[in-house]
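Let me begin by presenting the structure, written as structure tokens, before commenting on it.
Every number in this text was worked out from the coordinates using simple rules, so none of it is lab data. Everything numeric here is computed off the predicted structure, so don't read it as measured data. Don't worry about glycine lacking a Cβ; one is built from the backbone with ideal geometry, like all the others, and counts go over all protein chains shown.
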Amino acid sequence: MIEFQNVTKNYAGNVALNSISFKVERGTACGYIGPNGAGKTTSARIIIGLERPEAGKVTVVDRDAAVDRNYIKNRVGYVPESPKLYESLTPRETIAMAAMLRKGDASYVLKRLDLLSEILSFKDTLQKPLHTLSKGTKQKVVISLALVFDPDVLILDEPTDGLDVQAVATLKQLIKTFTTHGGTVFYSSHLLDVVEGICTKVFLINHGRIVDQYEERDFANKRGFLENALTEHLGSRNEQQLIDAFFGHAD
């Protein structure tokens, strides 16, 4: 459903992705973890068609991303790391405008919004301007934008940003049910406990390279497994010694 084959991406001479290859099968949730600047967001933007690689091939929903960008965009739901919304619009107006731009059935989409707003507990804000809403509620609107158009693939880049504990739990259940119905999820996050709770495969990226991958059997019921794996690959920085030195100096 998603496949990278020797994909390379550069920004102003700096390598963001260095000939990476991975595959995410239909009906699975794939975790994508790594430190800041590792290449996570670049990978997500390439899948959705917002960036193009210098080399390699990307396939999404069985289509070549370099050839069928518009088709892919209509089959993918995307939650970006830093979403931008028209703050003067209400959530309902935001979804209606998106339906118009996509030439979709607005009445059908708005019915799905009503149901999602109940699931995510923001139904009472549907008619309020976005600039009056909390960060978490705006994030729920962005998640709704990704889901209401019946996507085959979800690209989630730090989707829990601003959400409370109950909303995170609900999102996890939405993702699990989405994959049960054949959907495919690419989930990029620093919250490794959430990744461990919803993903069946995890890729670890660092300095633009896939440096390791794990199957569910590796981390299931092993709390902290991915955190330890990430720390091991990043190398020990003896943080506790530095912290002790910092507070010792404060005395």
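The stretch between ILE243 and ARG209, if pulled fully straight at 0.36 nm per residue, gains 9.2 nm over its current Cα-Cα span.
Placing a label point 7 Å from the Cα of GLU54 along the Cα-to-Cβ direction, the residues of the range 208-228 whose backbone N falls under 18 Å from that point are 208-210. Exceedance of the 23 Å cut-off in Cα-Cα distance is limited, within the set LYS9/LYS222; LYS140/LYS176; LYS23/LYS111; LYS111/LYS140; LYS57/LYS140, to LYS9/LYS222; LYS23/LYS111; LYS57/LYS140. Once the C-beta distance of ASN74 and LYS111 is scaled by a Förster radius of 25 Å, the resulting FRET efficiency is 0.85 to the nearest 0.05. Amide H contacts of ASP212 (H built 1.01 Å from N, in plane; Pro and chain starts excluded): LEU204 sit under 5 Å, all sequence-distant by 5 or more or on other chains.
Tell me, what is the FRET efficiency for SER121 and LYS222 to the nearest 0.05, using R0 = 30 angstrom and their Cβ-Cβ distance as r? If you can, show how the numbers build up before the last one.
On the way: r = 31 Å, r/R0 = 1.05.
With R0 = 30 Å, the Cβ-Cβ based efficiency is 0.45.
Match the structure shown to one of the listed values (i) 45, 42, 39; (ii) 62, 42, 30; (iii) 58, 50, 39 of Cα extents along the principal axes in Å, computed from it, and give that label. This structure yields the entry labelled (iii). 222 nm [θ] for the chain, helices only, -39500 (n - 2.57) per DSSP H run of 4+, per residue, to 500? When only DSSP H runs of four or more count, the value is -12000 deg cm²/dmol.
DSSP bridge analysis restricted to the chain gives an antiparallel fraction near 55%, rounded to the nearest 5.
Given R₀ = 22 Å, what would the calculated FRET efficiency be for HIS233 paired with TYR11, taking r from the Cβ atoms and rounding to 0.05? Plugging the Cβ-Cβ distance into 1/(1 + (r/R0)^6) gives 0.45. Simple spin-label estimate for SER21 and ASN36 gives 3.3 nm between the two label positions (7 Å along the Cα-to-Cβ direction from each Cα). Taking 7 Å steps out from each Cα toward its Cβ at LYS176 and THR132 produces label points 3.6 nm apart.
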